[in-house]
Amino acid sequence: MRILYLCHRIPFPPDKGEKIRAYHQIAQLARRHEVHLISFGEHPYDPASAEALRRICASVEIVQRPLLTAAVGVFGGLLGGSPLSIAAYASKPLRTAVAARCRATPPDVAVVYTAAMAPFAEHLSCPRLLDFVDVDSEKWRVYGERMRPPMSFVYAMEAKRLAAYEARIAEAFEHSILVSEAEARILAARVPQPSVTVIPNGVDLEYFRPAGQDGPAPEVRPRALFVGMMDYYPNCDAVAYFAKDILPIVRADIPGFEFHIVGRSPTAGVRALGRLPGVTVTGGVPDVRPHLAEALMAIAPFRIARGIQNKVLEAMACGVPVVGTSLAFQGIAARDGDGIRIVDEPAALAALVVELARTSSLRTARGAAARAYVERHHRWDAVGEALEGALERLIEADRGQSAATRGRARS
């Protein structure tokens, strides 16, 4: 297949949520197909990222997206009634790049990564697959419920506008994919008979491996770990919840127990958590695996979340048991027997942390179960095969419709 892939940011390095999914989709498709990538680039961007993608793609075109341009787009959306998260990506240069690429190498099919890129594919003549990843309007709805005015009004407005837009493009595009059954149900409630496939995220099982497989394992410390971008509100809320409401209960039973927050760009509020007893905020680190290897468990205490949490899959792949709220696992079919524990009440969550911290055999068993689960259900090669199959079916359906149209014209 000749595939046009549109992405809202350069999917390299694959070190955060949306980049991870996009990069591995491209890498899997490029093994057997001709992939032409057009992506926005942060301003400025590292040219080495584009070069890494050129090694696997047939072509790569990066369109700069200056912050001023995004701000102008948001202002225009505010006045014009468009979703702000769509208006922020308005770009004549990217439209021009898409049109030029389609003239030079007409695609068999287009993969449109996130709703933000849908406007650039609305007039393509080839079949289009839209990867919503998750139903983003739901995130803004929750923000609207949790934030204070005036931002609560802005978020509520965005949720309403974006939900209407998501429904429209789901009907207009030939097929959509989402990351979980939970997200698919949300979209299905808004769109009559949507053409949707659920394709989850994978995890790099070679990179994320249990400690000790390639040498001596480091000493495990009485520590829980959270990994994530620490300027992302759901992550900030999750670590504050654990540090303030749960960790003190744990430390009452295990005084030396620690909570490490690992991730780039911690906000002032997150940095302030580092002054609490037992809390360490590391900021960005070159490699999260040593931190996972030293922790007794990973923590996912989300009160706001959408889709699949890559940080959960990565911890499980490293054989680290995960304790979290139900929202942390809403995109993952794993249950208590799969190396995770799900609990929403703070005291009960703290009790699970204490139990796991004190019982080495329990941690070992759950870590092994977690690794086995992701090996069965979250392999990137299986994700690639599912995406490849969806694209092939789209092309076959399009050819069938074209043949039927030609038959009616001849008759």
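The values are calculated or read from the model by the stated rules, or taken from the named source; none is laboratory data. All values reported here derive from a predicted model rather than from experimental measurement. We place every Cβ from the backbone using ideal geometry, glycine too, and count neighbours over all the protein chains shown. Just so you know, the surface numbers come from the protein's heavy atoms only, side chains and all, with ligands and any DNA or RNA stripped out. Shrake-Rupley method; radii C 1.70, N 1.55, O 1.52, S 1.80 Å.
Look at the stretch 38-50 and say how many of its residues are in a helix (DSSP H, G or I) and within 23 Å of the chain's Cα centre (by Cα).
Narrowing the stretch 38-50 to residues in a helix (DSSP H, G or I): 47-50.
Filter once more, so that each one left must be within 23 Å of the chain's Cα centre (by Cα): 48-50.
Qualifying residue count for the region: 3.
Given the structure, is Leu387 over 27 Å from Val250 (Cα atoms) and either in contact (Cβ under 8 Å) with a residue 24 or more places away in the chain or over 20 Å from the mean Cα position of the chain (by Cα) (or both)?
Working: over 27 Å from Val250 (Cα atoms): yes; either in contact (Cβ under 8 Å) with a residue 24 or more places away in the chain or over 20 Å from the mean Cα position of the chain (by Cα) (or both): yes.
Yes, satisfied.
Find the residue count for the stretch 120-137, including only residues that are surrounded by fewer than 21 Cβ atoms within 10 Å (Cβ to Cβ) and closer than 13 Å to Tyr165 by Cα.
Residues in the stretch 120-137 being surrounded by fewer than 21 Cβ atoms within 10 Å (Cβ to Cβ) and closer than 13 Å to Tyr165 by Cα: 1 in total.
Output the residue which, of all residues in the stretch 52-74 that are at pLDDT 95 or above and open to solvent by 40 Å² or more (accessible area, probe 1.4 Å), is nearest to Ile3 (Cα to Cα).
The extreme case among them is Ala58.
Go through (1) without any contact (Cβ under 8 Å) to a residue 60 or more places away in the chain; (2) surrounded by fewer than 20 Cβ atoms within 10 Å (Cβ to Cβ) one by one and return the number of the condition Asp245 breaks.
(1)
For the stretch 283-326, which residues satisfy the criterion of being outside any helix (DSSP H, G or I), crowded, with 24+ Cβ neighbours inside 10 Å and among the β-branched types (Val, Ile, Thr)?
Of everything in the stretch 283-326, those that are outside any helix (DSSP H, G or I), crowded, with 24+ Cβ neighbours inside 10 Å and among the β-branched types (Val, Ile, Thr) turn out to be Ile299, Ile308, Val320, Val322, Val323.
Looking at the stretch 17-32, is at least one residue of a type in the set (A, V, I, L, M), assigned to a helix (DSSP H, G or I), open to solvent by 30 Å² or more (accessible area, probe 1.4 Å) and more than 26 Å from Asp398 (Cα to Cα)?
The answer is no, given that none of the residues of the stretch 17-32 is of a type in the set (A, V, I, L, M), assigned to a helix (DSSP H, G or I), open to solvent by 30 Å² or more (accessible area, probe 1.4 Å) and more than 26 Å from Asp398 (Cα to Cα).
Hey, does the stretch 230-239 have a residue that's open to solvent by 50 Å² or more (accessible area, probe 1.4 Å) and either of a type outside the set (Phe, Trp, Tyr) or assigned to a helix (DSSP H, G or I) (or both)?
Checked the stretch 230-239: at least one residue is open to solvent by 50 Å² or more (accessible area, probe 1.4 Å) and either of a type outside the set (Phe, Trp, Tyr) or assigned to a helix (DSSP H, G or I) (or both).
Search the stretch 182-217 for residues being touching an Asp or Glu at 6+ places or on another chain (Cβ under 6 Å) and not β-branched (Val, Ile, Thr), and hand back the single one that is farthest from His377 (Cα to Cα).
Among those that are touching an Asp or Glu at 6+ places or on another chain (Cβ under 6 Å) and not β-branched (Val, Ile, Thr), it is Glu183.
What number of residues within the stretch 248-267 satisfy the criterion of being open to solvent by 30 Å² or more (accessible area, probe 1.4 Å), closer than 20 Å to Arg303 by Cα and among the hydrophobic types (A, V, I, L, M, F, W, C)?
So the answer is 1.
Let's see how each residue does on (1) of a type in the set (D, E, K, R); (2) under 26 Å from Val135 (Cβ atoms); (3) in contact with a helix residue (DSSP H, G or I) (Cβ under 7 Å, 6 or more places away or on another chain); (4) in contact (Cβ under 8 Å) with a residue 24 or more places away in the chain:
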| site | (1), (2), (3), (4) |
| --- | --- |
| Pro13 | no, no, yes, yes |
| Cys57 | no, no, yes, yes |
| Pro66 | no, no, no, no |
| Val74 | no, yes, yes, no |
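Could you please give the count of residues in the stretch 1-16 that are in a strand (DSSP E or B) and surrounded by fewer than 22 Cβ atoms within 10 Å (Cβ to Cβ)?
1
Scan (1) in contact (Cβ under 8 Å) with a residue 12 or more places away in the chain; (2) over 28 Å from Ala97 (Cα atoms) for the single condition Arg185 breaks and write down its number.
(1)
Taking Glu171 as the residue in question, decide whether it is among the charged types (D, E, K, R), outside any helix (DSSP H, G or I) and touching a residue at least 12 places away in the same chain (Cβ under 8 Å). Please lay out each step first, then the result.
Details: among the charged types (D, E, K, R): yes; outside any helix (DSSP H, G or I): no; touching a residue at least 12 places away in the same chain (Cβ under 8 Å): yes.
No.
Quick check on Val111: is it under 22 Å from Val198 (Cα atoms) and open to solvent by less than 30 Å² (accessible area, probe 1.4 Å)?
Spelling it out, Val111 is indeed under 22 Å from Val198 (Cα atoms) and open to solvent by less than 30 Å² (accessible area, probe 1.4 Å).
Filter the stretch 357-385 down to the residues that are farther than 25 Å from Tyr207 by Cα, touching a helix residue (DSSP H, G or I) at 6+ places or on another chain (Cβ under 9 Å) and surrounded by fewer than 19 Cβ atoms within 10 Å (Cβ to Cβ) and list them by number.
Listed by number, the list holds a single entry, Arg358.
Can you tell me which residue in the stretch 156-207 is farthest from Val312 (Cα to Cα), limited to those that are crowded, with 20+ Cβ neighbours inside 10 Å and hydroxyl-bearing (Ser, Thr, Tyr)?
Selected residue: Ser176.
Suppose we keep only residues that are in contact with a Gly (Cβ under 9 Å, 6 or more places away or on another chain) and hydrophobic (A, V, I, L, M, F, W, C) within the stretch 209-229. Which one would you say is least open to solvent (accessible area, probe 1.4 Å)?
Filtering first and then ranking leaves Phe226.
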